Amino acid sequence: MTDHDLVDLRSRAAAGDQDAVDQLVELAGERGDMDELRRLADSGNRDAADVLTELAEEQDDDSE
């Protein structure tokens, strides 16, 4: 996905496109993009919060 595609996806998500939000959560989870997930979670997206928690737990496990 190009930067332009990502900007477009974020724009669609901000306009209320739930499919775009879901795609952003999935992409951020795949990339391990904690900032994107945090932003989405802060806006009330429960799926993003769940993925963020999972990634944080994985990072904690890796550091042990």
statement: To the nearest 0.05, the calculated FRET efficiency linking residue 4 and residue 46 through their beta-carbon distance, R0 being 35 Å, is 0.80
Cα Rg, Dmax (largest Cα-Cα span) when computed across segment 3-63, Å: 11.7, 38
Net charge over other residues, Cβ less than 9 angstrom from the Cβ of residue 21 (K, R count +1; D, E count -1): -3
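Any read-out appearing in this document is the output of simple, stated calculations on the displayed coordinates, not a laboratory observation. Quick caveat: nothing in here was measured; it's all calculated off a predicted structure. Backbone-built Cβ (ideal geometry, glycine too); neighbour counts: all protein chains shown.
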